[in-house]
Amino acid sequence: MKAVVAVEQGGPDVLEPIDLPLPQPQAGQVRVRVMASGLNPIDIKVRKASLPMTPARFPAVLQTDFAGVVDAVGEGVTRFKAGEEVFGFAGGFRGPAGDVPGALAEYAVFDAALLARKPANLDFRAAAALPLVATTAWKALFEKVAIRPASRVLIVGGAGGVGTMAVQLAGAAGAHVVAATRSAESSALALAAGARACIDLSDTSPAQVVQAHTQGQGFDVIFDTVGGPALDAAFQMIRPGGDVVTVVGAASHNLAPLYLKGANLHTLLVLIPIMFGTDTTRQGQILETIATMVEDGKLKPRLDPERFTLSRVADAHRKLESGQAKGKIVVDVFQVA
């Protein structure tokens, strides 16, 4: 089968096409004919840097998001059968028993518990843009905290991949959603996703934001997808007893503003089921919920219009790193003759 591997860590040029043997599913696994694979910033990071989730050995098959068709099932698998269309994020990283190959291959073997049936109203490309970002937003807003109707929610990075999912999910739950964005174009995207208003933290103080959008009380929930100074600002904008959730926690911060309000800080790493083999069933359940919301018209992916095939994976990585993507970049993997 055709695949692309990172022969070593480094820039996009380390990504090379290769022929690999067809993998065989073991107990609890399914083999998927991968039709499309979405590209996430974490895929870039593990290609470049030695992180806890980076594969231990190279060459390595990277990229975690995918949509495809079940081709074969291993012993004990009852949730899926051959021919069913599925989506998920389940490989491309180091796992509890060794490296788990990712989705840049025509066929891949994954833990069946990590997958769900593809939304029926999406094609493979659109479905491959959803799994990691939508699951991240879901876990942040509905497992780390409790979004309720009329909750005042600030999404920091509201025009990014995770951010636009969070804006839609919080809005669907009835929350009053404000998005922190950095440009007029980003603000337009967040507003289109359902934000009631947008702010730019580079030219507006936290105190001004709190006064203008929460009548001086502070936000009930702040979901931070940016980190750094934006997370420090979140500590100043949360209400007493409120909740801040961040997916960018690998830094030093002064927690005094949070402590003095009795507010809570939650961290989220959505790759835990892959890295440690825990809560795998829950991941599949969340993806099922996401698929239902998509089919009900409550959640929509936004794709970059440029098409990439396996032969142009390096170009896809370059585009994401350049900051020029206008939505989620998706690679067409399996080429139908």
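The values are calculated or read from the model by the stated rules, or taken from the named source; none is laboratory data. Keep in mind that this is a model prediction, so the values were computed, not measured. Cβ placement follows ideal geometry from the backbone for every residue including glycine, while neighbour counts extend to all protein chains displayed.
Find the residue count for the stretch 300-318, including only residues that are touching a strand residue (DSSP E or B) at 6+ places or on another chain (Cβ under 8 Å) and in contact (Cβ under 8 Å) with a residue 40 or more places away in the chain.
10
Any idea which of ALA159, ALA137, ALA179 is in contact (Cβ under 8 Å) with a residue 40 or more places away in the chain and surrounded by 17 or more Cβ atoms within 10 Å (Cβ to Cβ)?
ALA137
Of the residues in the stretch 271-297, how many are crowded, with 16+ Cβ neighbours inside 10 Å, part of a loop (DSSP other than H, G, I, E, B) and of a type in the set (Ser, Thr, Tyr)?
Result for the stretch 271-297: 0.
For the stretch 206-245, which residues satisfy the criterion of being among the acidic types (Asp, Glu) and under 16 Å from LEU268 (Cβ atoms)?
Result: ASP224, ASP243.
Any residue that is under 18 Å from SER322 (Cβ atoms), within 18 Å of the chain's Cα centre (by Cα) and buried (at least 17 other Cβ atoms within 10 Å of the Cβ) - is there at least one of those in the stretch 51-62?
No.
With the structure loaded, tell me whether LEU255 is touching a residue at least 12 places away in the same chain (Cβ under 8 Å), farther than 30 Å from MET53 by Cα and not β-branched (Val, Ile, Thr) or whether it fails that test.
The answer is no for LEU255.
Can you find, within the stretch 308-337, the residue that is surrounded by the most Cβ atoms within 10 Å (Cβ to Cβ) among those that are part of a loop (DSSP other than H, G, I, E, B) and in contact with a Phe, Trp or Tyr (Cβ under 9 Å, 6 or more places away or on another chain)? Reasoning before the result, please.
Narrowing the stretch 308-337 to residues part of a loop (DSSP other than H, G, I, E, B): 323-327, 329, 333-337.
This time we only want the ones that are in contact with a Phe, Trp or Tyr (Cβ under 9 Å, 6 or more places away or on another chain), so: 329, 333-334.
Numbers: ILE329: 24, VAL333: 29, PHE334: 20.
Looking at residues that are part of a loop (DSSP other than H, G, I, E, B) and in contact with a Phe, Trp or Tyr (Cβ under 9 Å, 6 or more places away or on another chain), I get VAL333.
Of the residues ALA251, ALA263, which is under 23 Å from ARG182 (Cα atoms) and touching a Gly at 6+ places or on another chain (Cβ under 9 Å)?
ALA251
So that you can scan it fast, the table gives a plain yes or no per residue for (1) more than 15 Å from GLN63 (Cβ to Cβ); (2) of a type in the set (A, V, I, L, M, F, W, C); (3) without any contact (Cβ under 8 Å) to a residue 40 or more places away in the chain:
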{"site": "MET293", "(1), (2), (3)": "yes, yes, no"}
{"site": "LYS298", "(1), (2), (3)": "yes, no, no"}
{"site": "ILE329", "(1), (2), (3)": "no, yes, no"}
{"site": "VAL333", "(1), (2), (3)": "no, yes, no"}
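Within the stretch 124-145, can one find any residue that is of a type in the set (S, T, N, Q) and outside any helix (DSSP H, G or I)? Steps first, please.
Start the filter on the stretch 124-145 by keeping residues that are of a type in the set (S, T, N, Q), which leaves 135-136.
Pick out the ones that are also outside any helix (DSSP H, G or I) and you get none.
Looking for residues that are of a type in the set (S, T, N, Q) and outside any helix (DSSP H, G or I), one finds none in the stretch 124-145, hence no.
The conditions are (1) outside the structural domain of VAL7 (by TED's automatic domain parsing); (2) of a type outside the set (S, T, N, Q); (3) assigned to a strand (DSSP E or B), and ALA150 fails exactly one of them. Which is it?
(3)
Look through the stretch 298-307, keep the residues that are touching a helix residue (DSSP H, G or I) at 6+ places or on another chain (Cβ under 9 Å) and within 14 Å of GLY38 (Cα to Cα), and return whichever of them is surrounded by the most Cβ atoms within 10 Å (Cβ to Cβ).
PRO301
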